[in-house]
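Read-outs throughout are calculated quantities, based only on the coordinates presented, and are distinct from any laboratory measurement. It should be emphasised that the depicted structure is a prediction, and the values quoted were computed from it without experimental measurement. Cβ placement follows ideal geometry from the backbone for every residue including glycine, while neighbour counts extend to all protein chains displayed.
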Amino acid sequence: MAENRLGRAGIVAVGAIVTILAVTGGAFVIAGANPLDAYYAYFIAPLTREFTLLEVLNKATPILFTGAAVAIAFRAGYWNIGVEGQLLMGAVAAAGIGQVVEGWPPLLVLPVMIGAGALAGAAWALVPALLRVRLGIDEVVTTLLLNPVALLLVQALLHGPWKDPETGFPESPRIAEAAEFPPLADFIPLIGRSRLHLGFVIAIVLIIIAWYVLSRTGTGLRVRAVGLSPHGARFAGIRVERTLLRVALVSGAIAGVAGVSEVAGIQFRLTEGVSPGFGYTGIVVAMLGGLTMPGVLVAGLLLGDLSVGASSAVRSLQIPSQLGDVVQGTLLLVVIGAVAIYRWRTSREDERPPDEGEPPPDEPPGPPSETSPT
Amino acid sequence: MTFFADIIAATFRNATPLVYGTVGETYTERAGILNLGIEGTMYAGAFFGFATAYHTGDPWLGLLGAIVVGLLAGALMGLLTVTLGANQHVSGLGLTIVLIGLSEFANRLMFSGGSLARIDPMPLWDPLGGLGEPESLGGQLASIANQYGLTYIAFLVVVPAAWWVLMKTPLGLSIRAVGENPEAADVAGINVFRIRYIALMIGGAFMAVGGAFITLAMLGTFTLDIIAGRGWVVIALVIFGRWRIFRGVLGALIFAAVYSLGLRLRITAGFEDIPNEIMLALPYVIVILALALSGRNVPYPGAYLKPYRRS
């Protein structure tokens, strides 16, 4: 049976790779590039030079945060699609504090800023989470709808009270020097000229902590149990609502830190474009990573690689940068499909019908949830 | 005082994409499938509808192009969620990401550089034209009735017909059956897979038409981020409407009325000091409030989110 499974996995993986190559290769040809050159430019070339390699890590930083935020929530079956808005709130908090801490010691400023960003992100996640656990309002809709509201709030600040008094641009004033995340080149002599900053280290540490908590502690076990089957978890005595609420807040907090990292490490001010959809890319990262932390790490780095490759291929091969999004989306859909096929075939082989969780008598509040593993 | 006439006219216009989307999403959800691909399907309908109209010179062919794209998007969602049984949330979000990426890529290839590509938009239909001076009651009624053909089709044809098909025909019964209890539907001889595909493709076509209305009629051009979350609003409207077409359409009208009021107040004396962004955020906040007040214990379709497999 085990060998058979391995064989199945191999067949599905080969099929998935062939599909991805066919679709993306076709897109490259349409864009007028040799697919082999394009694959090299997109995935290999960024890894061959130190500067671009560091830029890959830099591009991966925000989506490692958002990927982890999404993965933690989805793992519990809480569909937090509001990471984009929660990130923006973290960015607002960072820009707000960054403007008023001139002359403070960095060792004090940075923790305060990170904490405030986490709080802001969690606060933005709180309303949908409360609506979900208290009234049973589907969090998919409420978290989604708060994203445009968050962006409008940012725009209101930038066109109103925070408009740069010197330039008149819709950008907040530059944050104090003490509030800037130091570049890693300051600490590690091996790292040359690069924007790579403290945020990357924080993201990695967060992912390690999240991995440990999810896979090695009772809390993690409860989170996973709620995600696999809320009904079963309730029978086992787990307080499902409380778990969902906490997961939602942690997810929002991590998203908020992503916003801090972008403001303090890259932009040094709040801008309307502080997030070009990092919250949504986080969903891709989380899914490609199979909702596991090691997976998020690999997928985040892969998409960082793709992002650097796609922007340099605009010059080297005259491929529109939008093709990077097509490649990313194709990867996602094919992986989703491949995982579904693999699970289906495997469960059939085991003579175990996949989706027949016994519905318990006490329906929890909230929208229906899948009881099958996702 | 044409203030209210302006707002009512704008309400019907702004509600039109939401009405098509709501009809489409109601069909897919009634068949048991949450299609979060709606945002991308509307986006692709807006772009490919525009691109077809631009190259053929005929906005009605553009509409046909959008319908084809919508059917394909629905079929792709079916492949993932019906045939393969993949998670619906993730498949829909993935579909949206792919369709927006494809549209922007094609936009870049077809319309890069140079001046903004434009088409002659679909004409307004002005049945009461010349009914009086703009300020008179007749003139105000005329300005309310002065709408695009697709708006008339939405409210007078699509909504009643979609309701009738869903509630009064064997096809509608099958769609509701596979969304409520696919096992029983299967035993009764209904092909669950085929009906779910049909519902997804009908739904996709309506969503795409909703998007295409914006490029082919309202704007006459395509710009990035053109759907701007309207698809997500529709997801909320369907829940608000409790999966009933007329209630969903009512929600779309309420949303569009608040939205249009906000736009109108920007150019109204005495309201200039309210930041524009607050006005624009208001409709979203109201939708969330409406869900909080009315969305409790809503009757989700029985097989919502559940893939079906014959065992």
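Here are the numbers:
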read-out	value
Amide H contacts under 5 Å for A:His197, placed H, 5+ residues apart	A:Leu184
Descending Cα extents along the principal axes, the stretch B:184-311, whole Å	65, 37, 22
Where Rh is the Kirkwood radius over Cα pairs, Rg/Rh for the stretch B:93-136	1.33
5 angstrom amide H check on A:Glu171, placed H, neighbours 5+ away	A:Asp164
Stokes-Einstein D in µm²/s, Kirkwood radius over Cα pairs - the stretch A:1-104 at 20 °C with 1.002 mPa s viscosity	117
Cα centroid of the stretch A:192-231 to Cα centroid of the stretch A:117-178, whole Å	23
Highest-fluctuation residue, A:Pro276, A:Pro106, A:Pro183 considered, GNM on chain A with Cα pairs under 10 Å	A:Pro276
Tail fraction, Cα-Cα pairs, chain B, threshold 26 Å, whole percent	47
Most mobile listed residue (B:Pro275, B:Pro121, B:Pro134) in chain B, GNM with C-alpha springs under 10 Å	B:Pro275
Rg [Å, one decimal], Dmax [Å, integer] - the stretch B:42-108, C-alpha atoms	13.1, 41
Inter-chain Cβ neighbour average for residues A:133-142, partner chain, 10 Å	6
Shape parameters for the stretch A:40-319, alpha-carbon atoms, Rg then Dmax in Å	18.9, 61
By average C-beta atoms within 10 angstrom, highest first, the peptides B:280-289, B:210-219, B:77-86	B:210-219, B:77-86, B:280-289
Within 10 Å of each Cβ in A:275-284, the average number of Cβ atoms from other chains	2
Shielding by partners, peptide A:319-329 (average Cβ within 10 angstrom, other chains)	6
Gyration tensor verdict on the protein assembly as shown (Cα atoms; rounded if a/c is under 1.5, prolate if a/b is larger than b/c, oblate otherwise)	rounded
Projected area, mean over directions - the stretch A:180-272, Cα convex hull, nm²	8.1
MRE, 222 nm, helices only [DSSP H, n ≥ 4, -39500 (n - 2.57), over chain A, to nearest 500]	-22000 deg cm²/dmol
For B:Val157, B:Val178, order by how many other beta-carbon atoms lie within 10 Å, fewest first	B:Val157, B:Val178
Alpha-carbon spread of the stretch A:51-166, three principal axes, descending order, Å	47, 39, 25
Amide H contacts under 5 Å for B:Tyr148, placed H, 5+ residues apart	B:Trp125
Residues A:Val335, A:Val14, A:Val260, sorted so that the one with the fewest Cβ neighbours within 10 Å comes first	A:Val14, A:Val335, A:Val260
Ordering of B:182-190, A:87-95, A:217-225 by packing [mean C-beta count within 10 Å, highest first]	A:87-95, A:217-225, B:182-190
